[in-house]
Ligand code: MG
């Protein structure tokens, strides 16, 4: 199933995509008023949603909907860096030291924005893009093994890990440059895990103004999704609805010999095959 959140006269609604339309989940909204509550609701919530998908009427055409980020404010939004070999080579050129362990940083949840919302550069002069596969945690995860990690995934989405490169290197945590407001456009929906048999076999691409900048496959991650979940959950509990950005391949502006950073008017399109595409204009 593909879960969307969309705007209806200023009120956020939850729905499911069926062909070119959205089926409203209003009939189950009393039990499951938010995306987070659907995720926390587990199999019972999924069954109730499935029933609406099978029997509900179309609420509106997909093309007429203003889609919102497919989840409200989760408890955590984690992101891994340096997770594709050729992106590591780019980082070498920038003087980023190689790490012995998985490199994690937070994106503050306030940076989350809709799949077609605009990106505000704020004060950065080095605005950059990063197409990534996003993961939504389903069942709560603490000390989960690599083998069992799959059971803790609710679904997948597309994320542009928009980065302010100048602010990113203010400190080694990268936090300041990764969390500007509007720098976490995502969606266009959450595809449930049952529809993604192998998250490590998906082509992903990023275009700027129609020009292909990034193209790779999630099979080339250095640390796969299962190892990421296992590693994080060794230290702390991942809660239902928590988000993980799984790393970007080579081709970011910062990695170019003469970087061409994003500027107002640029349109960035991020695609992950089997999941969907998001498109955001810099203002
Ligand atoms: Mg990233």
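None of the figures in this text is laboratory data; all of them are computed from the coordinates on show. Fair warning: this is a prediction, and the values are worked out from it, not measured in the lab. Positions of Cβ are backbone-derived with ideal geometry, glycine not excepted, and every protein chain shown enters the neighbour counts.
For the chain, the share of DSSP beta bridges that are antiparallel, to the nearest 5, is 90%. Cβ-to-Cβ counts within 10 Å put 206, 111, 270 in ascending order as 111, 206, 270, the fewest first. How tilted is helix 225-235 with respect to the longest principal axis of the chain? Cα atoms for both, answer in degrees (0 to 90, nearest 10). Helix 225-235 sits roughly 90 degrees off the main axis of the chain.
Given springs between every Cα pair under 10 Å in a Gaussian network model of the chain, which of 23, 146, 162 has the largest fluctuation? Top of the fluctuation ranking is 146.
Which whole-number percent is the relative contact order of the range 229-283 (Cα, under 8 Å, 6+ apart)? The partial results should precede the final answer.
On the way: 33 pairs, mean separation 12.1, N = 55.
It rounds to 22 percent for the range 229-283.
In plain terms, the chain from residue 110 to residue 151 could stretch by 12.0 nm, reckoned as 0.36 nm per residue minus the Cα-Cα distance.
Entry note, the range 8-121: relative contact order of 24 percent, from Cα contacts under 8 Å with a spacing of 6+ residues. Inter-label distance, residue 169 to residue 123: 1.8 nm, where each label sits 7 Å from its Cα along the C-beta direction.
Fewest-first ordering of 243, 212, 202 by other beta carbons within 10 Å of each residue's beta carbon gives 212, 202, 243.
The GNM of the chain, with springs linking C-alpha atoms under 10 angstrom apart, assigns the highest mean-square fluctuation among 253, 164, 59 to 59. Here the extension length gained between residue 258 and residue 142 equals 37.4 nm, from 0.36 nm per residue of separation less the Cα-Cα distance. In the chain, Cα pairs under 8 Å separated by at least six residues give a relative contact order of 25 percent. Put in line by how crowded their Cβ is, counting other Cβ atoms within 10 Å and starting with the fewest, 260, 131, 252, 96 read 260, 96, 252, 131. Just 221, 186, 256 to compare: in a GNM of the chain, with alpha carbon springs under 10 Å, which one fluctuates most? Highest fluctuation among the options: 256.
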